[in-house]
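Asker: Let me begin by handing over the structure; questions about it come next.
The values are calculated or read from the model by the stated rules, or taken from the named source; none is laboratory data. Everything numeric in this text was worked out from a predicted model, so none of it was measured. Glycine also receives a Cβ, built like all others from the backbone with ideal geometry; neighbour counts cover every protein chain displayed.
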Amino acid sequence: MSIKSKPIGIFDSGLGGLTLAKAISLVLPNEELIYFGDTLHAPNGDRSKETIIENSTRVIEFLLEQQCKVIIIACYTISANAFATLINIVGNKVKLLNAIDPLVEYITDTNYKNIGVIGTRSTIESNVIDDKISKINKGMIVSSMATPLLVPMIEEGYIFDEISSVIIRDYLSKHDLKDIEALILACTHYPVLKNQLNKYYNFEVDIIDSVKILTNMLSKILREEGLLNDSSEKKSNKFFVSDLTLHQKVIAKMFFEKEVSLEIMNLWK
Ligand code: DGL
């Protein structure tokens with residue numbers, strides 16, 4: 001099999017990364033995708049770095065076994081806490097991308113003076129995003145805040161209603177995020193809140209569409225490295241999860257915007 005026709009691996013802590021999988025499937029329809037959502041260990045947002053590294057190592061090994069030509073970590077919590085370790089495991093076997101670097105590259109190229117970042121506790125407490133931005137653009141003020149209620153809120157379907165509006169207002173009105181010009185959504189789940197966030201800010205703060213930035217970056221890399229699948233024969237996408245409940249099927253449909261056929265693959269058995 002030529003390297004071009006090998007699949008793209010997408011790794012997430014759960015199902016939120018299906019938003020990215022959906023975007024990639026639309027922009028790169030020729031590519032075969034292998035998605036792995038580690039629902040057995042989700043959510044990761046409050047877990048320790050050690051646990052995140054331990055669980056994600058096994059998933060990366062699995063995606064390597066699937067002969068992926070490139071693996072993208074859709075999850076910000078895993079990108080922030082485990083990428084440095086995972087890249088050593090992967091070595092030069094395959095290109096490993098994370099969710100944070102493309103955002104940092106995008107944001108440090110803008111003229112914003114004051115930006116906000118929201119994400120899970122484990123992402124924000126790692127300080128990885130602030131550190132990476134400050135290293136490149138010393139003049140940019142970065143204010144980050146953990147917004148841990150947003151993942152369960154979204155998974156329970158509170159997205160554009162009074163409950164989500166109150167929770168969002170309570171978080172975003174905090175002093176930490178005063179006077180920002182742009183808000184980075186450093187979590188797989190948050191892009192579904194874009195309309196609600198624009199409403200809160202009255203369109204005066206730019207909400208950074210991370211899914212679009214990651215998808216564009218992936219297309220660019222595949223094009224530049226001559227890895228785009230140019231054969232007309234495309235195998236069907238596969239969606240693996242390490243655990244599956246009825247509600248997770250509903251969540252998957254919400255993020256992928258249509259029914260997804262999820263296959264259980266418990267890598268720890
Ligand atoms: N995928 C996680 C992230 O992007 C959010 C869900 C979780 O906590 O596992 O940070």
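Asker: It is to be established whether one or more residues within the stretch 94-117 are within 14 Å of the ligand (Cβ to nearest atom), hydrophobic (A, V, I, L, M, F, W, C) and within 14 Å of L183 (Cβ to Cβ).
Answerer: Scanning the stretch 94-117, I find at least one residue that is within 14 Å of the ligand (Cβ to nearest atom), hydrophobic (A, V, I, L, M, F, W, C) and within 14 Å of L183 (Cβ to Cβ), so the answer is yes.
Asker: Okay, moving on. Mind checking which residues of the stretch 193-236 are polar (S, T, N, Q), more than 16 Å from the ligand (Cβ to nearest atom) and over 22 Å from T147 (Cα atoms)?
Answerer: N216, S219, N229, S231, S232, S236
Asker: I'm trying to understand the selection: among the residues of the stretch 215-237, which are of a type in the set (G, A, S) and under 23 Å from the mean Cα position of the chain (by Cα)?
Answerer: S219, S236
Asker: Further question: Output the strands (runs of 3 or more DSSP E) that fall wholly within the stretch 1-117 and possess 1 or more residues being buried (at least 21 other Cβ atoms within 10 Å of the Cβ) and either in contact with a Pro (Cβ under 6 Å, 6 or more places away or on another chain) or at pLDDT below 95 (or both), or say none.
Answerer: Those strands (runs of 3 or more DSSP E) span 33-37.
Asker: Next up: Restricting attention to the stretch 45-82, report how many residues are of a type in the set (D, E), closer than 30 Å to E224 by Cβ and within 16 Å of the ligand (Cβ to nearest atom).
Answerer: Here the count works out to 0.
Asker: Filter the stretch 137-179 down to the residues that are surrounded by 12 or more Cβ atoms within 10 Å (Cβ to Cβ), assigned to a helix (DSSP H, G or I) and modelled with pLDDT under 95 and list them by number.
Answerer: D176, L177 - these are the residues of the stretch 137-179 that are surrounded by 12 or more Cβ atoms within 10 Å (Cβ to Cβ), assigned to a helix (DSSP H, G or I) and modelled with pLDDT under 95.
Asker: Just wondering, is there one or more residues in the stretch 184-192 that are more than 16 Å from the ligand (Cβ to nearest atom) and crowded, with 19+ Cβ neighbours inside 10 Å?
Answerer: Checked the stretch 184-192: no residue is more than 16 Å from the ligand (Cβ to nearest atom) and crowded, with 19+ Cβ neighbours inside 10 Å.
Asker: From the list I264, I180, which one is without any contact (Cβ under 8 Å) to a residue 60 or more places away in the chain and over 22 Å from V27 (Cα atoms)? Before the answer, list the steps.
Answerer: Values: I180 fails: without any contact (Cβ under 8 Å) to a residue 60 or more places away in the chain.
It is I264.
Asker: Just the residues that are outside any loop (DSSP other than H, G, I, E, B), touching a residue at least 12 places away in the same chain (Cβ under 8 Å) and of a type outside the set (A, V, I, L, M), please, taken from the stretch 219-246.
Answerer: Across the stretch 219-246, the qualifying residues are S219, K238, F239, F240.
Residues are listed down the side, and each one gets a yes or a no for (1) within 30 Å of L246 (Cα to Cα); (2) without any contact (Cβ under 8 Å) to a residue 24 or more places away in the chain:
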residue	(1), (2)
I118	yes, no
N127	no, yes
I133	no, no
E155	yes, no
F160	yes, no
D170	no, yes
K174	no, no
